[in-house]
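Enquirer: Below: one structure in structure tokens.
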Amino acid sequence: MLDLSIKKCVPCDLKDLRPMTEEVANGLLRQVAGWNLVHESGVLKLNRSMKVKSFSKGLELFQLIAGVAEAEGHHPDLHLVEWNNITIEIWTHAVDGLTENDFILATKINKLNMHHLLRRKLTD
């Protein structure tokens, strides 16, 4: 299986782009440690939650994620709840579901140096 971290997201305006099945998504989920599949209003999404050291560390983490998202042209939903709870949701809005782009972005987020921002060490 090709390492997703070396792939690039493809434009979402392709006519042939379709959401993947849950079975395919479960197969790719093994490559994105710490992420979960969730169903929300009939849409399959990737979801990951973390605790940061402080509110400002949460904003720093968002900046790191924004850099990757901009480079890939694929943008997650980022939530900072209360003062230290981060939730990241990724799905391809254009197809109302998951595509390989979502797993590419999740892999690249996982590779970010974020340990200094988190309350606890990430576990795989």
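The values are calculated or read from the model by the stated rules, or taken from the named source; none is laboratory data. Predicted, not measured: the structure shown is a model, and the values here were computed from it. Note: ideal-geometry Cβ built from the backbone for every residue, glycine included; neighbour counts use all protein chains shown.
Enquirer: Tell me which residues, restricted to segment 77-99, are of a type in the set (Phe, Trp, Tyr) and either modelled with pLDDT of 95 or more or in a strand (DSSP E or B) (or both). Walk me through how you get there before you give the answer.
Expert: First pass over segment 77-99, keeping only residues of a type in the set (Phe, Trp, Tyr): 83, 91.
Across segment 77-99, the qualifying residue is only Trp91.
Enquirer: Take the residues in segment 24-51 that are of a type in the set (Gly, Ala, Ser) and surrounded by 11 or more Cβ atoms within 10 Å (Cβ to Cβ), then tell me which one is nearest to Leu118 (Cα to Cα).
Expert: Step one: of segment 24-51, the residues of a type in the set (Gly, Ala, Ser) are 25, 27, 33-34, 41-42, 49.
From what's left, surrounded by 11 or more Cβ atoms within 10 Å (Cβ to Cβ): 25, 27, 33-34, 49.
Numbers: Ala25: 27, Gly27: 28, Ala33: 16, Gly34: 14, Ser49: 11 Å.
Among them, the one singled out is Ser49.
Enquirer: Turning to a different aspect of this structure: Is it fair to say Leu112 is assigned to a loop (DSSP other than H, G, I, E, B), at pLDDT below 95 and among the hydrophobic types (A, V, I, L, M, F, W, C)? Break it down stepwise before answering.
Expert: On the way: assigned to a loop (DSSP other than H, G, I, E, B): yes; at pLDDT below 95: no; among the hydrophobic types (A, V, I, L, M, F, W, C): yes.
No; evaluated as a whole, the condition is false for this residue.
Enquirer: Then there is this: Could you check Ala106 against (1) closer than 25 Å to Leu118 by Cβ; (2) assigned to a loop (DSSP other than H, G, I, E, B); (3) in contact with a Pro (Cβ under 9 Å, 6 or more places away or on another chain) and say which number it fails?
Expert: Ala106 satisfies all of (1) closer than 25 Å to Leu118 by Cβ; (2) assigned to a loop (DSSP other than H, G, I, E, B); (3) in contact with a Pro (Cβ under 9 Å, 6 or more places away or on another chain) except (2).
Enquirer: Any chance you could count how many residues in segment 15-52 are β-branched (Val, Ile, Thr) and not in a strand (DSSP E or B)?
Expert: Adding up the residues that qualify gives 3.
Enquirer: Can you tell me which of Asn36, Asn101 is among the polar types (S, T, N, Q) and over 24 Å from Asp16 (Cα atoms)? Write out each step before concluding.
Expert: Numbers: Asn101 fails: over 24 Å from Asp16 (Cα atoms).
From the options Asn36, Asn101, the qualifying one is Asn36.
Enquirer: Count, please, the residues in segment 1-23 that happen to be surrounded by 11 or more Cβ atoms within 10 Å (Cβ to Cβ) and free of Cβ contacts under 8 Å to residues at least 24 places away in the same chain. Even if it seems obvious, please write down each step before you answer.
Expert: To start, the set of residues in segment 1-23 that are surrounded by 11 or more Cβ atoms within 10 Å (Cβ to Cβ) comprises 4-5, 7-10, 12, 14, 17-22.
Adding the requirement that they be free of Cβ contacts under 8 Å to residues at least 24 places away in the same chain leaves 14, 21-22.
Result for segment 1-23: 3.
Enquirer: Same structure again: Kindly evaluate Leu28 against the criterion of being under 15 Å from the mean Cα position of the chain (by Cα), hydrophobic (A, V, I, L, M, F, W, C), farther than 12 Å from Ile104 by Cα and modelled with pLDDT of 85 or more.
Expert: In short, no.
Enquirer: Within the bounds of segment 59-77, is there any residue that is surrounded by fewer than 13 Cβ atoms within 10 Å (Cβ to Cβ) and under 16 Å from Glu89 (Cβ atoms)?
Expert: yes
Enquirer: Collect the residues in segment 61-76 that are in a helix (DSSP H, G or I) and free of Cβ contacts under 8 Å to residues at least 60 places away in the same chain, keeping them in residue-number order.
Expert: Keep residues of segment 61-76 that are in a helix (DSSP H, G or I), which gives 61-72.
If the condition is that a residue be in a helix (DSSP H, G or I) and free of Cβ contacts under 8 Å to residues at least 60 places away in the same chain, then Leu61, Phe62, Gln63, Leu64, Ile65, Ala66, Gly67, Val68, Ala69, Glu70, Ala71 are the ones that fit.
Enquirer: I need a count of the residues in segment 78-115 that are polar (S, T, N, Q) and loosely packed, with under 13 Cβ neighbours inside 10 Å. Can you show your working first?
Expert: The first filter runs over segment 78-115 and keeps only residues polar (S, T, N, Q), leaving 84-85, 87, 92, 99, 101, 107, 110, 113.
Within this subset, residues satisfying the condition of being loosely packed, with under 13 Cβ neighbours inside 10 Å are 113.
So the answer is 1.
Enquirer: To continue, here is another question. When you go through Trp35, Trp83 one by one, which is the residue that is in contact with a helix residue (DSSP H, G or I) (Cβ under 7 Å, 6 or more places away or on another chain) and free of Cβ contacts under 8 Å to residues at least 60 places away in the same chain?
Expert: Values: Trp35 fails: free of Cβ contacts under 8 Å to residues at least 60 places away in the same chain.
From the options Trp35, Trp83, the qualifying one is Trp83.
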